[in-house]
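Working notes, structure below.
The values are calculated or read from the model by the stated rules, or taken from the named source; none is laboratory data. Fair warning: this is a prediction, and the values are worked out from it, not measured in the lab. We place every Cβ from the backbone using ideal geometry, glycine too, and count neighbours over all the protein chains shown.
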Amino acid sequence: MSGLALGGLLAVLLLGLPISLALVLACGFAIFERGLPDMLLAQRLFTGLDSFPIMAVPLFILAGELMNESGITERIVRLADAFVGHLRTGLCQVSILSSVIFAGISGSAVADASALGRVFIPAMEREGYRRDFAAALIAAAAVIGPIIPPSIPMIVFALIIQESVAALFLSGVVPGLLLGLALAVVTYFGTRKSAPAPRKRATIAELAAALRQGVIPILMPVIILATILGGIVTPTEAAAVAVLYALLVGVFVLRTIRLAALVRVFASSMLLSAVILFIMAAANVVNWLLTTDQVPQRFAALILGQVADPIMFLILVNVLLLIVGCLIEGLAAMVVLVPILAPIAAQLGIDPIHFGLVVVLNLMIGLITPPMGLCLFVADGIARVGLPAIMRQIWPLLVAELVVLAAVTFVPGLAVWLPRSLGYG
């Protein structure tokens, strides 16, 4: 891509145009500069979506929307409350555990922040917590959503580098639980002095009742992983199974989804899917132009001439992605940067599963870093306390997540142990 095309890309981004449209315009200009047929732009856009595994993205989005509409959020909250609600800072711990459970359903941080924020921000305020702190905690805990499977960003990463979706799903289990633990520890020590008095521990009967009600949401991630790992279905087919399960639960088991609601759910799912898929289509054009110009090869030669240590390379990647994540939406950044960075990681002997988790975790942390942190906007849309107030409260939680990112970076086993134990990699 020429300097003029890159300059045009920067100009339209500064004008506030969505990055997907900006990429298409810049690529169209680059194709025009080379004297290539105009139809080539449309062909490359279509090629970027002409893949069966990509169907998993809209299907997982639809499954998550259906489960949200089914009212399973309250069941998740009751289940989490039964197990950790009696602890000091109990409601904080309930919100974090609810995010961990909810992560196995939606695969989207924004969906988690929206669904759980409506429940916990008012509830935490009633118990005496600051409203800005509650919003910060919900936003930070939502980062767990795309790490614990299913995960839309991991599907996108797997498609970019042609890696196993199941292996990437498994790589997020341990780090996702570590994120929840880190947030729980920081929240406990940061708020225990001002927290309300602990509530009574749930009885065995109450625990059993919560488990009975919570088995419906818990079964979805179990079904997804079990069918994929058992070789029964592909990840795309597993997404279809998840949609069928969510639909049957909402319509026939819980009977909370009506026809009018289905129309709304399908419409919102299509809108979100269209945004993600258009980003992927636009990125395919960028990747094609970069490849034809041999940019990844040249960049790899430049980096490998300066950095020969895998750990140093991962540190540089983390710094780069943390900066980029503050400015660009995570999926857009992934589909542009991964084709350049992944070949270098491979040449340095870095496990692609490990590298994938580092990239996904890093860019998902970008969801709570200003000025483009989507989860911050979602939390503030519910709390209405202003982004500066939320940012003042979120720093300890952000540091906790960066510590987990550092641990995953320096200890590859945290990412690759579970996939390898189950025969992947």
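Scanning segment 163-203 for residues that are among the aromatic types (Phe, Trp, Tyr) and either closer than 30 Å to Ile232 by Cβ or in a loop (DSSP other than H, G, I, E, B) (or both) yields a single hit, Phe169. Looking at this structure, is Arg212 surrounded by fewer than 13 Cβ atoms within 10 Å (Cβ to Cβ), within 25 Å of Pro150 (Cα to Cα), basic (Lys, Arg) and without any contact (Cβ under 8 Å) to a residue 40 or more places away in the chain? Yes.
Comparison of Val317, Val335 shows that the only residue that is buried (at least 23 other Cβ atoms within 10 Å of the Cβ), in a helix (DSSP H, G or I), among the β-branched types (Val, Ile, Thr) and touching a helix residue (DSSP H, G or I) at 6+ places or on another chain (Cβ under 8 Å) is Val335. Just one residue in the set Ile121, Ile138, Ile152 is hydrophobic (A, V, I, L, M, F, W, C) and modelled with pLDDT under 90; that residue is Ile152. Scanning segment 381-390 for residues that are crowded, with 19+ Cβ neighbours inside 10 Å and either under 22 Å from Gly325 (Cβ atoms) or of a type in the set (Val, Ile, Thr) (or both), we see that the one that is farthest from the chain's Cα centre (by Cα) is Val385.
Between Ile311, Ile303, Ile350, Ile340, which is surrounded by fewer than 23 Cβ atoms within 10 Å (Cβ to Cβ) and part of a loop (DSSP other than H, G, I, E, B)? Going through Ile311, Ile303, Ile350, Ile340 in turn, the sole match is Ile350. Summed over segment 356-373, the residues that are over 12 Å from Asn318 (Cα atoms), hydrophobic (A, V, I, L, M, F, W, C) and over 11 Å from the mean Cα position of the chain (by Cα) give a count of 2.
Restricting attention to segment 121-138, the residues that are in contact (Cβ under 8 Å) with a residue 40 or more places away in the chain, assigned to a helix (DSSP H, G or I) and not charged (D, E, K, R) add up to 7. Report, by residue number, each residue of segment 243-276 that is part of a helix (DSSP H, G or I), of a type in the set (Val, Ile, Thr) and more than 12 Å from Ala63 (Cα to Cα). Val251, Val253, Val263, Val275, Ile276, listed by residue number. In segment 198-207, the condition of being touching a Pro at 6+ places or on another chain (Cβ under 8 Å), at negative phi, of a type outside the set (Ser, Thr, Tyr) and in contact (Cβ under 8 Å) with a residue 12 or more places away in the chain is met by no residue.
The condition (being at pLDDT 95 or above and not hydroxyl-bearing (Ser, Thr, Tyr)) is satisfied by just one residue among Leu168, Leu179: Leu179. Check segment 189-199 and report whether any residue there is of a type in the set (Phe, Trp, Tyr) and buried (at least 18 other Cβ atoms within 10 Å of the Cβ). Scanning segment 189-199 turns up no residue that is of a type in the set (Phe, Trp, Tyr) and buried (at least 18 other Cβ atoms within 10 Å of the Cβ).
Identify all residues within segment 62-88 that are among the β-branched types (Val, Ile, Thr) and either surrounded by fewer than 22 Cβ atoms within 10 Å (Cβ to Cβ) or modelled with pLDDT under 85 (or both); write none if there are none. Walk me through how you get there before you give the answer.
Kept after step one, since they are among the β-branched types (Val, Ile, Thr), are these residues of segment 62-88: 72-73, 76-77, 84.
Residues satisfying the conditions are Ile72, Thr73, Val84.
Of everything in segment 401-418, what is closer than 22 Å to Gly366 by Cβ, surrounded by fewer than 19 Cβ atoms within 10 Å (Cβ to Cβ) and of a type in the set (Gly, Ala, Ser)? Give them in sequence order. Those that are closer than 22 Å to Gly366 by Cβ, surrounded by fewer than 19 Cβ atoms within 10 Å (Cβ to Cβ) and of a type in the set (Gly, Ala, Ser): Ala406, Ala407.
If I go through segment 375-391 residue by residue, how many of them are assigned to a helix (DSSP H, G or I) and among the charged types (D, E, K, R)?
Taking segment 375-391 as the starting set, the residues that turn out to be assigned to a helix (DSSP H, G or I) are 375-383, 387-391.
Okay, now just the ones that are also among the charged types (D, E, K, R), so 380.
Adding up the residues that qualify gives 1.
Only one of the numbered conditions (1) farther than 16 Å from Phe83 by Cβ; (2) surrounded by 14 or more Cβ atoms within 10 Å (Cβ to Cβ); (3) under 27 Å from the mean Cα position of the chain (by Cα) is violated by Ile232, and that is (2). Pairs are defined by a Cβ separation below 8 Å, a sequence spacing of at least 6 or placement on different chains, a first member in segment 372-398 that is acidic (Asp, Glu), and a second member that is crowded, with 19+ Cβ neighbours inside 10 Å and modelled with pLDDT of 90 or more; the pairs so defined are Asp380/Ala135; Asp380/Ile390. Scoring Met372 on the criteria (1) hydrophobic (A, V, I, L, M, F, W, C); (2) crowded, with 20+ Cβ neighbours inside 10 Å; (3) part of a loop (DSSP other than H, G, I, E, B) leaves a single failure, condition (2).
Counting the residues of segment 175-188 that are within 30 Å of Leu59 (Cβ to Cβ) and surrounded by fewer than 19 Cβ atoms within 10 Å (Cβ to Cβ) gives 1.
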